[in-house]
Amino acid sequence: MKAASTTTRSALGVCYYPEHWPQEMWASDAARMVECGISYVRIAEFAWSRIEPSRDDLQFEWLDQAIEVLTAVGLKIVMCTPTATPPRWLVDSMPDMVAVDVNGNPRKFGSRRHYDFSHTGYRKECARITEILAKRYGRHEQVVAWQIDNEYGCHDTILSYSEAARSGFRDWLSQRYQSPDALNKAWGTVFWSKEVSSFDEVDLPNLTVTEPNPTHVLDFHRYASDQVVAFNRLQSTLLRKHSPGRDLVHNFMGKYTDFDHFSVSDDLDIASWDSYPIGFLEQFGRDDAWKNWYMRAGDPDFQAFHHDLYRGCGRGRWWVMEQQPGPVNWAPYNPDPHPGAVRLWSHEAFAHGAEVVSYFRWRQAPFAQEQMHTGLNRPDGSADRGYEEAMLVGKEIAGLPAAETRQSDIALIFDYPSIWASETQPQGACYDGFALVMQFYSALRKFGQSVDIVKPEASLQGYKLVIAPHLLIASDRTVLNLKSTKARILFGPRSGSRTEHHQIPLTLPPGPLQDLIDIRVERVESIRPDVHIAVDTIGTFSRWAEQIQPGEDVETVLETIDARPALLRQGSVSYIAGWPDEPLLNHVIREELDAAEIEFVETGDDLRLRDRGSLRTIVNYGPKPRDAGHLVGRNDEILVGGTTLDAAGVLILRRA
């Protein structure tokens, strides 16, 4: 049975820092926000030192006045808890509250996110300031949502190797394993004589002579993720108590996997993320040719992947909390986006079901760390290009019908512990589990597919095709759901290759997934990036390849040049035995779509589409005009744009 669909109207927001600007500017700013079509304003996320310049010296007059000015013109407030930037006096009162990096160095005061999730004293301070804010503003009729903290983990701040973390980790282990003997067995500490007789003998997995025990590392990732969940839950509980009926949200990041976003989102109403397409391209893009081609619009699939990921985390409800409005300041290179790119990114987010796209920020700061980061307006208050594009988006979405987000035909399973496991033992310098997942997702996008990204334990009812590109660890619940679905299933390499304790299954990989496909992975290899293993005449494997012994009921669909199974199939379940290149993966995906009776269309170079109910949004990420006529039906009604899309062009139509 398919999940219920949701119908929402789209809205615009902006991030605003009234404490950065003279009070006489606020009213003009608020009026111009309304003029631009903005409905939501996020405030106070970094304002702890202004709210409380010294302990118990609470200064709310300025914030009261800012809220009064903004709400007087009808703007809705997203209030933030300021716990991402504890003030100096608080750090001085307990210097051990800061995180410690992998080399044992404390993360000093002087920027942001200078706290340790494990520090119980800092958690109490977060609860205190959150409760103060919630009691003061929690029932204000225009305070409609709360953002908890800001960008958990930014600047590598999830894994801390502090005394607080060591103490907390030992307690976590004692609850998980109950006895040192159980831990020794799970970790295999008999290897290299690392057995312990007490949980107090367990240290943190850093500063070891060589590679630490992989299960130790994996469990430390689990522990650290659980600390983020507990930190977030502490604030969410207080906000629900003192500010009932308001939505709770956190702003996640792109390609960030140090904690489980699905678990954190269980205590939120809305998942959001901060979308910086050009910055992400510079950080995470492919080769230089790829980065040069998409330099002014970003990777054509990176934003869409995160839209779908956080839509899954938010159980259908999600926002873009920070949308790049122009050049940023933090990437290796920071090009100016194409004219129209901000508009493209906004419409694409709405096409994936975003309730709100909020731009960062209202006005470019002329001081401090982010002064080179553009806003909708320049430092002097004059409108920058982002302002004009946001205003145009506001007018365009006002003319569009409410759109319905439905369950897709395809589910893609994304698992954070599997990412941690492959990062712990990648077995190859260029192995990147996230990149493998993105490659599968991109292939689906090139065939015009709308995709639901789901956690491993999610129900798979109603799907026609389930894809698990990188499921190293498969829980009993996950296996049961996979066995229960009527969908076709496609597994990527390394699936089922580790138990929950990061051990090779005694039955050999894919371990518990052998209940779905009767194969044994007998040997694996990582491959140098310039070496390719031919698969029939279709494509190649690179980075990773496996030698598999199939059961008698398993068909070898494709073989490598040396006659090893490359694609295996048993009934409706298939397994790819290596890292496929683009032609090979496209071939496999096309066959799976055909077999699942899923309609598809090849979008062509640079074009991408997303269907949302009867609305279809088509965008051009490339630097040259593209014809989208093949993606438009004879009786479709064009609502925005035309069939020839310029660079960063947008076409929105209502399908017949």
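The values are calculated or read from the model by the stated rules, or taken from the named source; none is laboratory data. Predicted model only: the values in this text are computed from it and were never measured. Glycine gets a Cβ as well: all are built from the backbone with ideal geometry, and neighbour counts include every protein chain shown.
Here are the numbers for this structure:
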| read-out | value |
| --- | --- |
| Hits in the range 356-373 - residues which are buried (at least 24 other Cβ atoms within 10 Å of the Cβ) and within 23 Å of the chain's Cα centre (by Cα) | V356, V357, S358, Y359, F360 |
| Subset tally (residues that are surrounded by fewer than 19 Cβ atoms within 10 Å (Cβ to Cβ), within 25 Å of N184 (Cα to Cα) and free of Cβ contacts under 8 Å to residues at least 40 places away in the same chain) for the range 501-530 | 5 |
| Residue within the range 429-438 that is closer than 21 Å to I598 by Cα, assigned to a helix (DSSP H, G or I) and either out of contact with any Leu (no Cβ under 6 Å at 6 or more places or on another chain) or touching a residue at least 40 places away in the same chain (Cβ under 8 Å) (or both) present | yes |
| Close pairs (8 angstrom Cβ cut-off, 6 or more residues apart or separate chains): under 15 Å from Y276 (Cβ atoms) in the range 344-373, basic (K, R) and surrounded by 24 or more Cβ atoms within 10 Å (Cβ to Cβ) anywhere | E348/R610; S358/R42 |
| Residues that are in contact with a Leu (Cβ under 8 Å, 6 or more places away or on another chain) and either in a loop (DSSP other than H, G, I, E, B) or surrounded by fewer than 13 Cβ atoms within 10 Å (Cβ to Cβ) (or both), drawn from the range 91-116 | V102, N103, G104 |
| Condition met for D636 (outside the structural domain of G539 (by TED's automatic domain parsing) and at pLDDT 95 or above) | yes |
| Odd one out for F259 among (1) surrounded by fewer than 23 Cβ atoms within 10 Å (Cβ to Cβ); (2) under 20 Å from I453 (Cβ atoms) | (1) |
| Any hit, the range 29-37, residues being farther than 24 Å from A224 by Cα, modelled with pLDDT under 95 and out of contact with any strand residue (DSSP E or B) (no Cβ under 8 Å at 6 or more places or on another chain) | no |
| Those residues of the range 537-555 which are of a type in the set (S, T, Y) and crowded, with 16+ Cβ neighbours inside 10 Å, in sequence order | T540, S542 |
| Residues that are more than 14 Å from F447 (Cα to Cα) and either crowded, with 23+ Cβ neighbours inside 10 Å or not charged (D, E, K, R) (or both), drawn from the range 572-583 | S572, V573, S574, Y575, I576, A577, G578, W579, P580 |
| Matching residues in the range 143-159 - criterion: being under 12 Å from N232 (Cβ atoms) and either among the aliphatic types (A, V, I, L, M) or at pLDDT below 95 (or both) | I148 |
| Selected residue (only one of R520, R494, R477, R528 is in a helix (DSSP H, G or I) and either under 24 Å from Y441 (Cα atoms) or not acidic (D, E) (or both)) | R477 |
| Among the candidates V393, V357, residue that is outside the structural domain of A474 (by TED's automatic domain parsing), farther than 30 Å from I158 by Cβ and not in a loop (DSSP other than H, G, I, E, B) | V393 |
| Criterion: over 22 Å from P583 (Cβ atoms) and under 24 Å from the mean Cα position of the chain (by Cα) - qualifying residue of G492, G551, G496 | G496 |
| Some residue of the range 211-226 being surrounded by 15 or more Cβ atoms within 10 Å (Cβ to Cβ), assigned to a loop (DSSP other than H, G, I, E, B) and not basic (K, R) | yes |
| Residue list for the range 254-268, filter: touching a helix residue (DSSP H, G or I) at 6+ places or on another chain (Cβ under 9 Å) and not polar (S, T, N, Q) | G254, K255, D258, F259, D260, H261, F262, V264, D266, D267, L268 |
| Given (1) closer than 30 Å to A647 by Cα; (2) among the charged types (D, E, K, R); (3) out of contact with any helix residue (DSSP H, G or I) (no Cβ under 7 Å at 6 or more places or on another chain); (4) part of a strand (DSSP E or B), number of the condition E546 does not satisfy | (1) |
| Single residue of the range 396-415 satisfying the filter (under 30 Å from P339 (Cβ atoms) and assigned to a strand (DSSP E or B)) that is modelled with the lowest pLDDT | A403 |
| Residue check for R176: within 30 Å of the chain's Cα centre (by Cα) and without any contact (Cβ under 8 Å) to a residue 40 or more places away in the chain | no |
| The range 187-210, residues that are touching a residue at least 24 places away in the same chain (Cβ under 8 Å) and out of contact with any Ser or Thr (no Cβ under 6 Å at 6 or more places or on another chain) | G188, T189, D200, V202, D203, L204, N206, L207 |
| Members of the range 413-470 found to be under 24 Å from R569 (Cα atoms), among the polar types (S, T, N, Q) and more than 20 Å from the chain's Cα centre (by Cα), listed by number | S459, Q461 |
| Meets criteria (closer than 25 Å to R315 by Cβ, modelled with pLDDT of 95 or more and outside the structural domain of E131 (by TED's automatic domain parsing)) for R222 | yes |
| Count - residues of the range 593-642 that are over 24 Å from E404 (Cα atoms), surrounded by fewer than 18 Cβ atoms within 10 Å (Cβ to Cβ) and in contact with a Gly (Cβ under 9 Å, 6 or more places away or on another chain) | 3 |
| Inter-residue pairs, beta-carbon under 8 Å, first under 24 Å from D200 (Cα atoms) and without any contact (Cβ under 8 Å) to a residue 60 or more places away in the chain and in the range 147-167, second among the aliphatic types (A, V, I, L, M) and not in a strand (DSSP E or B), 6+ apart | R166/L204 |
| Residue within the range 498-512 that is part of a strand (DSSP E or B), touching a strand residue (DSSP E or B) at 6+ places or on another chain (Cβ under 8 Å) and under 16 Å from S422 (Cβ atoms) present | no |
| Which listed residue, of I453, I489, is part of a strand (DSSP E or B) and either within 17 Å of D308 (Cα to Cα) or touching a Cys at 6+ places or on another chain (Cβ under 9 Å) (or both) | I453 |
